[in-house]
1. Just the ratio, please: alpha-carbon radius of gyration of the stretch 90-136 over 2.2 N^0.38 Å, N its number of residues.
2. Place a +1 charge on the Cβ of each Lys and Arg in the stretch 68-127 and a -1 charge on the Cβ of each Asp and Glu, then give the dipole magnitude about the Cα centre in debye, rounded to the nearest 20.
3. Report the full-extension gain for the segment residue 239 to residue 156: residue separation times 0.36 nm, less the Cα-Cα distance, to one decimal in nm.
4. Among 43, 55, 31, flag the residue with its Cα farthest along the positive direction of the charge dipole of the stretch 25-65, charges on Cβ as +1 for Lys/Arg and -1 for Asp/Glu.
5. How are the alpha carbon pair distances in the chain distributed across 20 Å bins from zero to the largest one, expressed in percent?
6. What size of dipole, in debye to the nearest 20, comes out for the chain about its Cα centre when the only charges are +1 on Lys and Arg C-beta atoms and -1 on Asp and Glu C-beta atoms?
7. Please name which of 260, 317, 101 has its Cα lying farthest along the dipole of the chain towards the positive end, using unit charges on Cβ (Lys, Arg +1; Asp, Glu -1) and the Cα centre as origin.
8. Could you give me the radius of gyration and the Dmax of the stretch 50-141, taking only the C-alpha atoms into account and expressing both in angstrom?
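Since every read-out is calculated from the coordinates, none of them should be taken as a lab result. Treat the numbers as computed from the prediction; the structure is a model and nothing was measured. Don't worry about glycine lacking a Cβ; one is built from the backbone with ideal geometry, like all the others, and counts go over all protein chains shown.
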Amino acid sequence: MTVDYIIVGLGLAGIAFAEELKKHDKTFIVFEDQSQSSSLVAGGMYNPVILKRFTPVWNAKEQLEVALPFYASLENDFKKSYDQAIPIYRTFKSIEEQNNWFIACDKPALEAYMHPEIVEIETDKIVAPYKSGRLSNTGRIKVRDLVSDYRDNLDKEGLLVDETFVHQLIITWENFLEYKDIKAGKVVFCEGNGLIKNPFFNKLPLFGTKGELLTIHAPELKMDCIIKSAIFIMPLGDDLYKVGATFDRFDKTNEPTEEGRMELETKLKSVLTCAYSIVDHEAGIRPTTGDRRPLLGVHKDNDRIAVLNGMGMRGVMIAPLMAKKLYQFLEEGVELDKEISITRFKQKN
Ligand SMILES: Cc1cc2nc3c(=O)[nH]c(=O)nc-3n(C[C@H](O)[C@H](O)[C@H](O)COP(=O)(O)OP(=O)(O)OC[C@H]3O[C@@H](n4cnc5c(N)ncnc54)[C@H](O)[C@@H]3O)c2cc1C
């Protein structure tokens with residue numbers, strides 16, 4: 001088999017790069033071994049405001065301008081709805097936070113999203129003595145459904161190899177790469193935290209931050225918005241809600257833990273006043289980097305070997321734009337901005 005590209009990894013980054021290739025009539029095959037679960041468990045929220053400090057997410061406008069049409073186009077292809085536009089209510093902890101909210105609402109980058117008023121949450125089942133601020137033009141992508149549909153579709157088209165890609169088996173020739181019986185122009189590694197096993201790029205500063213989430217059933221809650229309080233609570237429909245997430249820089253396993261569940265439940269009980277039962281508990285490693293910027297580029301000794309990683313805590317918004325930038329770099333010679341290029345680090349691989 002001869003293809004333009006091998007893609008390794010079918011999370012949000014791999015899907016976004018595959019879509020770029022399709023748009024430009026490039027051929028490809030995807031390797032996916034289900035060793036990482038970040039995209040599968042992700043809450044899927046997109047929101048251009050950092051809710052801790054009321055500051056704009058880096059490059060949010062440009063990211064959303066590419067991301068929203070990207071998901072709309074996939075909805076059109078699969079005749080499914082993935083983008084659930086939904087407001088976010090940020091509960092306040094104090095009068096000071098209320099004041100900070102008003103100050104932030106005046107910032108040009110934030111005014112399209114943050115409403116300059118203090119409002120009650122739509123439900124009386126959430127503790128919010130200082131009320132809340134409302135964000136709109138925000139939402140949630142049903143990432144698990146999207147990944148699953150994308151995977152099934154590639155499988156049907158014979159473009160998915162359900163196995164671990166073994167980096168050491170790549171043979172490089174002058175004009176192409178060889179991997180087993182495949183000849184490819186280039187390989188793009190979209191491995192999430194699996195990058196730590198990749199001998200071409202494992203010296204890059206990808207730290208990985210584990211996150212755990214609960215899915216709860218809370219029939220009395222009746223809430224149609226996302227709440228950000230001590231914790232996020234996101235409606236999934238059918239009285240189900242995702243609750244999360246934890247942040248752990250040390251545990252690099254994808255398994256949910258008892259400590260994670262306890263932390264989430266303690267926070268949940270501090271904000272939720274109605275009964276609930278836990279129906280699921282999941283975990284994944286966010287591919288986070290030291291400087292909170294993505295990792296794009298090619299190996300220093302072989303420009304046929306590329307990386308698309310470091311999507312961090314906001315893969316939903318950032319992955320489509322980064323895939324586009326990597327494609328333009330690889331195929332059209334457009335330089336990568338220094339802040340996203342792996343050349344900003346002294347690569348030791
Ligand atoms: C608890 C939690 C909550 C989150 N919530 C949000 C949120 O609300 N909004 C948001 O935008 N982001 C969120 N994120 C972050 C988001 O999930 C990530 O930014 C994004 O999913 C990363 O996508 P990726 O494709 O780079 O990596 P991954 O999703 O990890 O995909 C990498 C893929 O590569 C495969 N792979 C790796 N190595 C190999 C190999 N050698 N051979 C074959 N296959 C391989 C893995 O199996 C995996 O499928 C959350 C993450 C977590 C963990």
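1. Numbers: Rg = 10.7 Å, N = 47, 2.2 N^0.38 = 9.5 Å.
Dividing the Cα Rg of the stretch 90-136 by 2.2 N^0.38 Å gives 1.13.
2. Numbers: 6 positive and 11 negative charges, 46 e Å.
Using Cβ point charges on Lys, Arg, Asp and Glu, the stretch 68-127 gives about 220 debye.
3. Stretched fully, the residue 239-residue 156 segment lengthens by 26.5 nm.
4. Toward the positive end, the furthest listed residue is 55.
5. Per 20 Å bin, starting at 0, the Cα pair percentages come out as 30, 56, 14, 0.
6. On the way: 45 positive and 52 negative charges, 205 e Å.
The calculated dipole for the chain is roughly 980 debye.
7. Looking along the dipole axis, the top candidate is 101.
8. Taking only Cα atoms of the stretch 50-141, I get Rg and Dmax of 15.3, 47 Å.
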